[in-house]
Amino acid sequence: MFSRRHRFHGYGSLKAVYQRGQTVRGPQISLKFNRTGSTKPYRVAVVVSRKVSKSAVTRNRIRRRVFEAVRQSADKIAPGTNLVFTVFSDQAAETDAVKLQQTIAKLLSEAGL
């Protein structure tokens, strides 16, 4: 699980990423990111809409799986980077963990992180 220092706090910080960030899109997940240039730790948010699944259990499962995949790729992420992963498909709940890890790693490499 991610520590508190690697999570966003409040809507204002997410709003800044949505306004000034760049986007990389994959088949099931997109990544919106920006670099702040500070030495603070990177921050990550995972957004799973109710359109993806009406069940909160499924949405939370997807969120936890994406957080874990990002945590495993954390050594590649530079300090001061803000990442927002948006999930578009409920297939992320059943996707193999290795394939999900590869998808996250591919998005991070396309973003140049």
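The set of residues in the stretch 47-106 that are hydroxyl-bearing (Ser, Thr, Tyr) and under 14 Å from LEU31 (Cβ atoms) comprises SER73, THR81, THR86, THR103.
Residues in the stretch 42-82 that are over 13 Å from the mean Cα position of the chain (by Cα) and either of a type in the set (D, E, K, R) or buried (at least 16 other Cβ atoms within 10 Å of the Cβ) (or both): 10 in all. Note on the stretch 3-25: residues that are within 20 Å of GLN101 (Cβ to Cβ) and crowded, with 17+ Cβ neighbours inside 10 Å total 2. Out of LYS106, LYS32, one residue alone is farther than 19 Å from ARG7 by Cβ and of a type in the set (D, E, K, R). It is LYS106.
Values in this text are rule-based calculations from the coordinates and carry no lab data. Here the structure is a predicted model, which means the values were calculated and not measured. When we count neighbours, we look across all protein chains shown, and the Cβ atoms used for this are built from the backbone with ideal geometry, even at glycine.
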